[in-house]
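What follows is a set of notes on a single structure, which appears directly below.
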Amino acid sequence: MPVVTIATTSAQTIDNKTNWLLDEQNESISIISNGIGWNIKGSSPVKTRSNYVIVQTAADFPVPVAGVITLAAGVTYEVNGTIYMTSKINLNGCYLVGMDANNDKLIYIPGSGELFTGTKGGTIKTLTLAAITTGSKLFNLALGATENLIVRDNVIANSKEVGLVQGGYIIFFSVINYAGNLNGITFQDVTNLLLDNTAWFSTNSNTFEKMIGTFGMIEKLGGFSHSLSTMSAVSLDVSGITTINEAANFKNTAMMGTGTRVLGSFSNKWEVEVPGITTEKDDVASANLFISTTVPTTFTAVNTPSKILGTTTPVSLFRITSPVNNRLMYTGTKTRRFQVLCSLTAAHAFNTIDYSFYIYRNGVKMPESRQKIRLEKNTDQVSVTISCTAPLSTNDYLEVWVENNTGSNSISIETLNLGIK
């Protein structure tokens with residue numbers, strides 16, 4: 001193999017056309033012919049990524065089988081440019097990425113089926129995605145219980161239907177711009193659903209995001225949703241959720257527009273705190289009840305408390321129920337401390353009797369709530385105010401009780417209002 005050695009004393013060029021620069025030190029290099037081209041002896045070979053495919057046409061993907069392209073496991077596919085797809089893609093756990101979401105696009109054009117199919121997850125990043133023909137959709141995934149799907153930094157636009165993502169352990173949609181889609185996306189039976197800073201523009205129609213079935217946990221955070229009635233738009237449909245095993249958070253998402261912002265109701269598993277809809281979380285649980293029919297409360301003995309009798313009517317209940325008269329029961333999931341305020345008017349048909357009033361929690365007296373009065377005459381009516389705080393966990397309850405400190409004569413509670421917040 002011939003070797004040409006060139007001594008140098010300063011930076012020089014070997015070939016003006018290629019403008020190769022030699023070492024600035026007083027050294028020499030060897031240019032070696034291999035019979036085909038020339039290599040610089042001792043130089044490092046050009047490095048390229050392994051398991052990496054640049055996709056500029058659909059032919060750069062693996063050959064489809066029965067209309068499905070199954071990506072090779074462990075390979076990253078970089079989309080370069082706009083590619084019109086006639087076959088479906090099985091992600092097979094791979095990375096499918098672009099460098100510029102405005103120019104790197106996958107557009108599905110058949111009039112049926114979906115672009116992403118199968119039971120395997122993967123990552124889709126920095127692309128524009130579209131299924132532009134009536135009858136098609138972007139996603140129709142039935143993922144295994146351990147599969148993860150990450151979709152981030154994408155534009156999803158002008159699709160006839162974004163589609164369905166069913167199953168999976170972690171489903172993570174982050175920084176997605178949705179625009180011009182006729183129908184949105186449905187998430188079904190997901191263990192952990194994470195929706196972060198997704199933006200639904202007013203150009204979308206019908207239901208944007210729908211959740212149905214059983215979920216372990218849901219987090220929908222940030223972004224915005226602009227629904228218009230002229231587009232028959234519904235920002236979020238939770239009416240099909242049957243179970244949330246752990247918790248759900250919906251926070252800091254701006255809900256805007258004249259369309260339906262939320263379809264369905266949030267269960268007690270949710271913490272909802274977003275502009276545009278009512279805050280719903282355990283921290284704002286509250287309720288009142290008042291006595292609507294008076295019944296004398298009797299005592300079995302002196303200094304033996306009895307629950308105040310009468311028919312009570314509950315009002316303004318949020319995450320609190322009133323399963324029986326004179327009872328407020330907390331139904332939230334988070335243990336918290338409530339401010340308790342009760343006002344009542346007491347009367348009796350006797351002379352000079354002392355009475356003590358208490359708040360009871362789960363049938364147990366709270367001594368710190370005690371308020372004592374004396375009714376001197378049978379025509380007296382005395383107002384009583386009880387104030388205290390009470391820690392409540394799920395299904396804990398509060399009631400108002402009274403005891404006769406003088407004898408066993410009955411008492412009539414003419415008015416009563418019990419409120420907690």
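Evaluating Asn351 against the criteria (1) polar (S, T, N, Q); (2) over 35 Å from the mean Cα position of the chain (by Cα); (3) more than 16 Å from Thr293 (Cα to Cα); (4) part of a strand (DSSP E or B) leaves one unmet condition, (4).
Can you tell me which residue is nearest to the chain's Cα centre (by Cα) among those in the stretch 165-197 that are surrounded by fewer than 24 Cβ atoms within 10 Å (Cβ to Cβ) and at positive phi? Taking the candidates together, the pick is Asn197. Answer yes or no: is there a residue in the stretch 366-389 that is open to solvent by 40 Å² or more (accessible area, probe 1.4 Å), within 28 Å of Ala248 (Cα to Cα), part of a strand (DSSP E or B) and modelled with pLDDT of 95 or more. Yes, the stretch 366-389 contains a residue that is open to solvent by 40 Å² or more (accessible area, probe 1.4 Å), within 28 Å of Ala248 (Cα to Cα), part of a strand (DSSP E or B) and modelled with pLDDT of 95 or more. Residues in the stretch 160-184 that are aliphatic (A, V, I, L, M) and closer than 16 Å to Thr128 by Cβ: Val162, Val175, Ile176, Ala179.
Could you tell me which numbered condition Ala287 fails, if it satisfies all but one of (1) part of a strand (DSSP E or B); (2) closer than 30 Å to Thr313 by Cα; (3) under 18 Å from the mean Cα position of the chain (by Cα); (4) among the small types (Gly, Ala, Ser)? Answer for Ala287: the failing condition is (3).
Looking across Glu219, Glu246, Glu209, one residue alone is in contact with a Leu (Cβ under 6 Å, 6 or more places away or on another chain) and either touching a residue at least 60 places away in the same chain (Cβ under 8 Å) or open to solvent by 10 Å² or more (accessible area, probe 1.4 Å) (or both). It is Glu219.
Suppose we filter the stretch 70-94 for residues that are open to solvent by 30 Å² or more (accessible area, probe 1.4 Å), more than 21 Å from Gly168 (Cβ to Cβ) and assigned to a loop (DSSP other than H, G, I, E, B); how many remain? Of the residues in that region, 3 qualify. Report yes if some residue within the stretch 105-117 is open to solvent by less than 60 Å² (accessible area, probe 1.4 Å) and out of contact with any strand residue (DSSP E or B) (no Cβ under 9 Å at 6 or more places or on another chain); otherwise report no. Looking through the stretch 105-117, at least one residue is open to solvent by less than 60 Å² (accessible area, probe 1.4 Å) and out of contact with any strand residue (DSSP E or B) (no Cβ under 9 Å at 6 or more places or on another chain). When the stretch 245-268 is filtered for residues that are over 16 Å from Glu209 (Cα atoms) and under 11 Å from the mean Cα position of the chain (by Cα), the ones remaining, listed by number, are Ala247, Asn252.
The values are calculated or read from the model by the stated rules, or taken from the named source; none is laboratory data. Nothing here was measured: the structure is a model prediction, and the numbers come from that model. Methodologically, a virtual Cβ is constructed for each residue, glycine included, from the backbone with ideal geometry; neighbour enumeration extends over all protein chains shown. The protein model used for the area step is the full one, side chains on, heavy atoms only, and it has no ligands, DNA or RNA in it. Shrake-Rupley method; radii C 1.70, N 1.55, O 1.52, S 1.80 Å.
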